[in-house]
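The values are calculated or read from the model by the stated rules, or taken from the named source; none is laboratory data. The shown structure was predicted, so the numbers you read here are calculated from the model rather than taken from an experiment. Positions of Cβ are generated from backbone atoms using ideal geometry, with glycine treated the same way; all protein chains shown enter the neighbour counts.
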Amino acid sequence: MPQVKVNHEIEGKKKDVYKAVKTYLNGRDTLKKLGADIDWDDAGHSGAIEASNFKGEIVVVEKSGSSTVTITIDLPLLLTPFKSKVEEELKKHLGRVKA
């Protein structure tokens, strides 16, 4: 299965960055348009992405003064041609998140 993995650094503490990412993604229909739901784990600062044709996860990890958001999506073989577009969209949306 092809995998898209995007890492994006955002200034701020892990809990603040996690809250900002969660608020942003819940307020957008980006993943919902694709039939995906996110099961958020507030204690673990992460989320599991589930859809009928793909799955993935969101993880926020704190590093000195900033936090790194990692989104990993496992795509089915049929969606391999869209891998770069998915990666581009994820980077674009994470670039808009401010903690």
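A few points about this structure:
- For segment 1-57, filtered to residues that are among the hydrophobic types (A, V, I, L, M, F, W, C) and touching a Ser or Thr at 6+ places or on another chain (Cβ under 6 Å), the residue that is farthest from residue 84 (Cα to Cα) is 17.
- Enumeration of residues in segment 1-37 that are farther than 19 Å from residue 64 by Cβ, touching a residue at least 60 places away in the same chain (Cβ under 8 Å) and out of contact with any strand residue (DSSP E or B) (no Cβ under 6 Å at 6 or more places or on another chain): 2, 19, 24, 25, 28, 30
- Highlighted here are the strands (runs of 3 or more DSSP E) found entirely within segment 45-98 that include at least 1 residues which are without any contact (Cβ under 8 Å) to a residue 24 or more places away in the chain, under 23 Å from residue 13 (Cα atoms) and not aromatic (Phe, Trp, Tyr): 46-50, 55-63.
- Evaluated against (1) in a helix (DSSP H, G or I); (2) over 15 Å from residue 96 (Cβ atoms), residue 20 falls short on exactly one condition, (2).
- Segment 35-47 - residue that is surrounded by 15 or more Cβ atoms within 10 Å (Cβ to Cβ) and among the hydrophobic types (A, V, I, L, M, F, W, C) and, of those, farthest from residue 99 (Cα to Cα): 36
- Sole residue being closer than 16 Å to residue 5 by Cβ, touching a helix residue (DSSP H, G or I) at 6+ places or on another chain (Cβ under 6 Å) and either among the aliphatic types (A, V, I, L, M) or modelled with pLDDT of 90 or more (or both), chosen from 97, 59, 69: 69
- Whichever residue in segment 67-98 is surrounded by fewer than 18 Cβ atoms within 10 Å (Cβ to Cβ) and among the small types (Gly, Ala, Ser) and, among such residues, is nearest to residue 35 (Cα to Cα): 84
- Of all the residues in segment 23-44, those that are of a type in the set (A, V, I, L, M) and assigned to a loop (DSSP other than H, G, I, E, B) number 3.
- All of (1) without any contact (Cβ under 8 Å) to a residue 24 or more places away in the chain; (2) touching a His at 6+ places or on another chain (Cβ under 9 Å) hold for residue 40 with one exception: (2).
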